[in-house]
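What follows draws every value from the coordinates through simple rules; no lab data is involved. All values derive from a computational prediction rather than experimental measurement. Cβ coordinates were reconstructed from backbone atoms using ideal geometry, including for glycine residues, and neighbour counts include every protein chain displayed.
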Amino acid sequence: MSSATCPNPQVIDNARYGPDAMEIYKLGRTLRRDSQDLYEAYIMSYHIEDPKIEGLIWEVLREQRKNELNMHEEPTWSATVLPDEEAAKYMLKSPCGARKAKKRVSFFEEC
């Protein structure tokens with residue numbers, strides 16, 4: 001997880017855990033996802049745009065470890081705010097309006 005200072009004064013806490021972190025994952029816009037399949041754990045990492053504050057990027061981690069009986073435990077969730085310079089890497093480069101508009105083509109001719 002990143003140890004970052006809070007880049008936005010609207011965010012009081014720059015770290016969330018458990019259900020709060022899962023809520024950011026569920027409601028926010030996913031910009032990137034990554035996974036690690038280790039012998040003792042599965043770790044999923046998501047970079048999520050905050051659902052309420054545009055441009056605020058969270059790094060959300062979902063970690064599921066194995067216990068001594070080789071059974072998977074309940075997953076743990078955590079989220080931290082990325083600093084502006086790191087968050088800029090995950091923002092979309094081109095706005096949606098930059099795409100070329102496609103023309104509708106009709107193959108029927110009028111008589």
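The trypsin sites (Lys or Arg not before Pro) found in region 32-79 that occupy coil by DSSP, while having at most 16 further C-beta atoms within 10 Å, are Lys52. One equal scatterer on each Cα of region 15-98, no solvent, Debye formula: the resulting log10 I(q)/I(0) at q = 0.11 Å⁻¹ is -0.34.
When you count the other C-beta atoms within 10 angstrom of each residue and take the mean per peptide, 42-49, 73-80 line up highest first as 42-49, 73-80.
Legend: calculated FRET efficiency, Thr30 to Leu69, from the Cβ-Cβ distance at R0 = 30 Å, rounded to 0.05, equals 0.35.
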